[in-house]
Every structure is written in C-alpha cells, then in structure tokens.
1. Going through region 8-116, which trypsin sites (Lys or Arg not before Pro) have at most 16 other Cβ atoms within 10 Å and a DSSP loop state?
2. Just want the ordering: Phe8, Phe70, from fewest to most Cβ atoms lying within 10 Å of their own Cβ.
3. If R₀ is 22 angstrom, what is the calculated FRET efficiency for the pair Ser77 and Arg53, using the beta carbon separation as r and rounding to 0.05?
4. With just the Cα atoms of region 76-151, tell me how far they stretch along each of the three principal axes, in Å, largest first.
5. Starting from the coordinates of the alpha-carbon atoms of the chain, obtain the Kirkwood hydrodynamic radius over all distinct pairs and give the value in Å to one decimal.
6. Fully extended, how many nm does the chain gain between Arg67 and Leu135 (0.36 nm per residue separation, minus their Cα-Cα distance)?
Amino acid sequence: MSARQLPFWERKTLAEMNQPEWESLCDGCGRCCVLKFEDEETGEVHPTAVVCRLFDADTCRCSNYRRRHFLVPECVSLDAESVPRYNFMPETCAYRRLHEGRGLAWWHPLVSGDPQTVIDAGISVRGNVVSEEALHPDEPLEEYVVRWVDLATKEPPK
C-alpha cells in the first residue's frame, strides 16, 4: 500500500492534520469530559465518574462545543502542541495514542467504521457517569473517583 492510500492518521502527524481530520479523531468516549482532581501530596490526577455540565450523556459529546471555553473556562483546549503536556488524557485517547506512536485501536470509529464499537468495547463513559449539576454542593468529588479500565489492547470480538 502506498503512503497515499494509507488513512490520514497513519500518514500525517497530529500537527499536519486539518481541522476536520483532527476533530474526527475524537472517538466520543467522553473520558476527557470527566472531572478530575489532583492529589496535592502526590501530584497524581484522579478521574471521577462526574462529567462536565455541558456533557450530553446520550451522545457522549459536548452539548455546546463551539462555546465550551466561554461557558466552562477550565475546559481544556487540545491541539497538537498540547497533547504531550496533558498526561491526564486517558491511555485510550486517540490523540494520545497517535502522539505515542500506538495507532488507533480496533474499536475507534475511524477504524471500525461504526461509532457503536467504542461503546461495545467498554471505552465509552455512557451509562457510567453523573452530571456535576446532580451533585450536592457539599458532596466531595473524591467520593466519585474511578479507575477506567483500559481495554485498548483487548481484541475485537470474533
């Protein structure tokens, strides 16, 4: 197969991708939209089962993607230069995987051709999160810490 026949994510670096290509790398898992906190003693970042108020639990996408930085100033802006700095991104994240030279997983919709595979593979947060708006103001985020299982190496179903 010639280089021109390879899919864009195999022939381009993250920095070389155009906006539609970049956006299509998002698999819709929702893991980047979970609230996280950093342990002050260890510096370790802990993901929770609590998602941003803009997260749409049905689509696993931002409900107001274009205005997200205005509405949620702490929302992370991800680009080719910032990917290496965001070590809190899940191991399954396509941007992180490509940056680390691991390629896209079998369940990624660009590989499988089906957005359902990210859900079937157990990568998506769908059905496993609660909106930050549902929490009581005094409820500590620490009570919602989760360890997402990394199924990136799991084989596709036969």
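1. Filter output for region 8-116: Lys12, Arg53, Arg102.
2. Fewest to most other Cβ atoms nearby, the residues stand as Phe70, Phe8.
3. 0.80
4. Principal-axis extents of the Cα atoms in region 76-151, largest first: 42, 30, 19 Å.
5. Its Kirkwood hydrodynamic radius stands at 16.8 Å.
6. 22.1 nm
Read-outs throughout are calculated quantities, based only on the coordinates presented, and are distinct from any laboratory measurement. Computed from a predicted model, the values in this text were never measured in an experiment. Counting neighbours? That spans all protein chains shown, and the Cβs are built from the backbone with ideal geometry, glycine included.
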